[in-house]
Amino acid sequence: MSASSPAQEGHCPPALHSSGADIWRRNQRRLAPYLFLAPGAIMFAVYVVVPIFQSMWISLYDWDGIGEKTFIGLANYVELFDDDAFYTSLKNNIIWLVLYMLAVPAGLAIALFLNQTVFGIRLVKSLFFFPFVLSQVVVGLVFAWFYDPGFGLLAELFKAFGTKPIAILADEDYVTYGIIAAGLWPQIAYCMILYLTGLNNISSEQIEAGRLDGARGLSMLWHVILPQLKPATFIAVVVTVIGALRSFDLVSIMTDGGPYGSSRVLAYYMYEQALSEYGYRMGYGASIAVVLFAIMIVYISIFLVRMIAEDRERR
């Protein structure tokens, strides 16, 4: 009885096994990064990129999220730019964007202060780090109590100076600034963490070279330290911009968009129109989301282009 061949037994010839292993061995360094990146890239595409294009598509329809869609083209955008509530939300988002950027220099200043090797500095770092681990809901409740004109700590401070307490969250002129102050508390802590990490990676050789060249104080900070902190600065700015533009939690918890809609931001107005009992207008809400995304992309792109241009000039 003749012996069966490897092909007849359903096995690949040894030459094929060895050739496949050789191909992987030769291209391992080239293929390994793509294999590691593939799961994250797929998740990013499914949960970020695809929803962006879906929002753009839905914004062209009149849809309540359940029934039939009716194509209306750019009608949602035409209505949007004639909507007073949209302009109020857009104005508040611009205020958020400008004032929220204070978190970056404030985080840097605290990081420089904490970047020391003195007794008890770890405890101090923990106290500054504490706001970052708190939920936005908790932050909102804490500051709502802090601002309360009846029993809040701020009211007690006003009374101590002999002035009448201000109901910040009930005043159209102050409410947005009060919520921004609440948001800055954890955001400064986040920027501080980024800068502390960056300061730990600064080249001591460049610091010594700067000292030999006579760099001291602000000169050392501007010419030696800050250039090495550019990656941390980029991440801090991008995250802060995104945090300012997607501000929703604190507005919802502290004021619910009030008083009289004066503290609305685009993210909250989008929720009101698309998902709350006042709206169920998915197409209109999607158009607000598209405008918000466009503002975010433009702002981050301008900063990125400027940073790349500065790097090219230095080279």
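Nothing in this text is a laboratory measurement; each read-out follows from the coordinates by a stated rule. In this text, all values refer to a predicted model and were calculated from it rather than measured experimentally. Backbone-built Cβ (ideal geometry, glycine too); neighbour counts: all protein chains shown.
General remarks:
- Calculated FRET efficiency for the pair Tyr87/Ala170, C-beta based, R₀ 22 Å, to 0.05: 0.50
- Degrees separating the helix 103-114 axis from the principal Cα axis of the chain, which is the longest one: 80 degrees
- Its relative contact order, with pairs defined as Cα atoms under 8 Å and 6+ residues apart, puts the chain at 25 percent.
- Sorted by Cβ neighbour density within 10 Å, fewest at the top, the residues Tyr269, Tyr280, Tyr147, Tyr61: Tyr280, Tyr61, Tyr147, Tyr269
- The local environment of Ile202, defined by Cβ-Cβ distances under 14 Å, has a net charge of 0 under the rule Lys, Arg +1 and Asp, Glu -1.
- Residues Met270, Met282, Met220, Met43 arranged by fewest to most Cβ contacts within 10 Å: Met43, Met220, Met282, Met270
- Candidate lysines - alpha carbon under 24 Å from Lys125, same-chain residues fewer than 8 apart omitted: Lys230
- The three principal axes of the C-alpha atoms in the range 115-184 carry coordinate ranges of 44, 28, 19 Å, sorted with the longest axis first.
- Taking Lys and Arg as +1 and Asp and Glu as -1, the other residues whose beta-carbon sits under 11 Å from that of Thr176 total -1.
- Computed lengthening from Phe151 to Ile95, 0.36 nm per intervening residue step minus Cα-Cα distance: 17.3 nm
- Cα gyration tensor of the range 158-239 - equivalent ellipsoid semi-axes, whole Å, descending: 40, 17, 10
- Rough spin-label spacing in nm, given labels placed 7 Å along Cα→Cβ, for Asn115 and Lys69: 5.0 nm
- Enclosed volume per residue, in Å³, of the convex hull spanned by Cα atoms of the chain: 293 Å³
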